[in-house]
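The values are calculated or read from the model by the stated rules, or taken from the named source; none is laboratory data. What you see is a predicted model; the values in this text were computed from it and never measured. Cβ: placed from backbone, ideal geometry, glycine included. Neighbour counts: every protein chain shown. Ligands, DNA and RNA are excluded from the accessible area calculation, which covers all protein heavy atoms including side chains. Shrake-Rupley method; radii C 1.70, N 1.55, O 1.52, S 1.80 Å.
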Amino acid sequence: MATQVKLLGFWCSPFSFRVEWALKLKGVDYDYIEEDIFNKSSTLLELNPVHKKVPVLVHDNKVISESFVILEYVDETWEQNPLLPKDPYERATARFWAKFAEEKLLDAAWTAMWSKGETKEKALKDSIEALEKIEGEFKEKRHFEGESIGYLDLAVGWIAYWLPVWEEVGSMQIFSQEKFPAITGWMAKFLSHPLIKDNLPPKDKMHVYFEGRRDPIYNYFNPKPEDN
Amino acid sequence: MAEELKLYGTWVSPFSRRVELALKLKGIPYEYIEEDLHNKSPDLIKYNPIHQKVPVLVHNGKPIVESLVILEYIDETWKNNPILPQDPYQRALARFWAKFIEEKILPLAMKVTNSEEKEKEKVVVEMFQLMKVLEGELNGKDFFGGESIGYVDIVATIIAVWFQVTQEVIGVKIVSEEKFPVLFKWIEKLKSIDVVKECIPPRDKHITYVKARIEAALLKSAPN
């Protein structure tokens, strides 16, 4: 029976790119469906009623959402080119760092991009602290050695490509080559991987998009008091 | 080589008791070390330098932290009495719901406890909505795991036990029999399982503990 794989995504979402990278690494054919996240389709709302977000993977009749959950599903369903290592302790380590980067770095960096004043200061500080811890892990474990990329690389891939854009849009600096040599080495390897370098959103369009999001998001969280 | 397994936890942490439940379900012997989080042991800091929290599972000298990561490690290392289903799609669903509890329900529950009166009502309504969604997942089954408890049930013990205690103390009832009959039944069934009973804090001690914490928090935020 022919298998059918569909991916609902958004053209500059780091979360939907994670899944695309995983599918491409495993050589899985899929239909990509671009969602307008500002005008969500009835299909998306039907497939992911709980979160109403992308990415959503549809494999035959099975619907999976949440990018990390999808990555593990993809890894368990298509066993070629494994994303996670075989050893349970190494798997636990990869999952730990993916979670850490998501919870401590990504949220903070995103917030730092659109916020102002004290909120921005704190988010920046948190981002830098989190990146320092990731640098420590990359230095020790030398993830960037070896030819293949896996779960953790896909989970933190956004650092190599989205973070520089957010830094510019947010007029801030979190990353620097001098301070983060291990991550710098990893970034170069990641971005030059044949399946990654040809599967990235256009940077100029990204700048325009995130620039356009910054102030509306700030205003959403800081509504102006109504005039009398 | 003799297996060495240690669990650093606290009697009242829902996260460390989850791990205990998983170990007991699989009949895995382990050494339990009670941590005083106001006076963290050098071992805890050594094994979990990033978060310095419980639970920490140390298996033959190697530490694993973050309760959901530990649960998966346990399931992959000791294959008897599986916690997660075998099928990849069922596993994905289990992980999805565990994440939903952890990332949506738990933070909102904290907001219920910590929010001011005027905000509380709005937050409680949101909680009801999330709990309804979760209840829907039981869908005629005894447990989230089916006929016996599994990964989601283990993760959800925080709702079955810890939420109930906090709600009693702060006088806000979220999971009532009238509003959530299916969830209520699940809670009763879960709490009647012997091995689950072994992994729940003693009720009176738990209530006293939560009362003291809430009072301390109120004192901290009280105007001078």
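Computed quantities for the displayed model
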quantity	calculated
Under 13 Å from the Cα of residue A:122 - aspartates and glutamates, other chains or at least 8 residues apart	A:107
Fraction of antiparallel bridges per DSSP, the protein assembly as shown only, in percent to nearest 5	70
Assigned charges on the beta-carbon of Lys, Arg, Asp, Glu; chain A dipole about Cα centre (debye)	140
Mean-position separation - Cα centroids, the stretch A:178-228 and the stretch B:55-123, in angstrom	29
Helical contribution to [θ] at 222 nm, DSSP H n ≥ 4, -39,500 (n - 2.57), averaged over chain B, rounded to 500	-16000 deg cm²/dmol
Cα→Cβ-extended label distance, 7 Å offset, between residue A:171 and residue A:11, nm	2.8
Cross-link partners of residue A:120 among lysines (Cα-Cα below 18 Å; sequence separation of 8 or more within a chain)	A:104
Cα-based Lys pair tally, the stretch A:170-216, threshold under 22 Å, eight or more apart or on separate chains	4
Carbon and sulfur %, accessible surface of the protein assembly as shown computed with the full protein complex present, 1.4 Å	52
Those residues of the stretch A:90-109 for which accessible area with every protein chain present is at least 10 Å² below the isolated value (1.4 Å probe)	A:91, A:92, A:95, A:96, A:97, A:99, A:100, A:103, A:104
Residue-by-residue Karplus 3J(HN,Hα) for the stretch A:90-99, coefficients 6.51, -1.76, 1.60, Hz, glycine and proline x	5, 5, 4, 5, 4, 5, 4, 6, 5, 4
Gap separating the Cα centres of the stretch B:1-40 and the stretch A:111-131, nearest whole Å	35
Whole-number accessible area per residue in Å² for the protein assembly as shown, which is evaluated in the context of all protein chains at 1.4 Å	50
³J(HN,Hα), Karplus 6.51/-1.76/1.60, whole Hz, each residue of the stretch B:16-28, x for Gly, Pro	6, 6, 4, 5, 4, 4, 4, 5, 5, 4, 8, x, 8
Proximal lysines relative to residue B:40, as straight alpha-carbon distance under 17 Å, when same-chain residues fewer than 8 apart are discounted	B:6, B:53
Net dipole in debye of chain B [+1 Lys, Arg Cβ; -1 Asp, Glu Cβ; about Cα centre; nearest 20]	300
Pairwise burial B:A, computed as accessible area of each alone minus the pair, summed, 1.4 Å, Å²	2300
Other-chain or far-sequence residues with amide H under 5 Å of residue B:54's (modelled H)	none
Cα centre as origin, Lys/Arg/Asp/Glu Cβ charges: the stretch A:118-192 dipole, Debye	60
Among B:166, B:113, B:208, residue whose mean-square fluctuation peaks in a GNM of chain B (springs only between Cα atoms under 10 Å)	B:208
Residue A:79-residue B:188 pseudo-label distance in nm [points 7 Å out on the Cα-to-Cβ vector]	4.5
Virtual spin-label span in nm between residue A:195 and residue B:81, 7 Å along Cα→Cβ	3.8
For the stretch B:136-197 and the stretch A:1-31, distance of Cα centres in Å	36
Residues of the stretch B:161-178 with amide N under 13 Å of the 7 Å Cα→Cβ point at residue B:219	none
Top of B:33, B:50, B:64 by mean-square fluctuation, Gaussian network on chain B, Cα under 10 Å	B:50
At q = 0.11 Å⁻¹, base-10 log of I(q)/I(0) for chain B (Debye sum, equal scatterers on each alpha carbon)	-0.58
Of A:116/B:99; A:141/B:62; A:99/A:139; B:62/B:189, those spanning more than 24 Å from alpha-carbon to alpha-carbon	A:116/B:99; B:62/B:189
Distance violations [Cα-Cα > 20 Å] among B:104/B:197; A:6/B:141; B:26/B:79; A:6/A:40	B:104/B:197; A:6/B:141
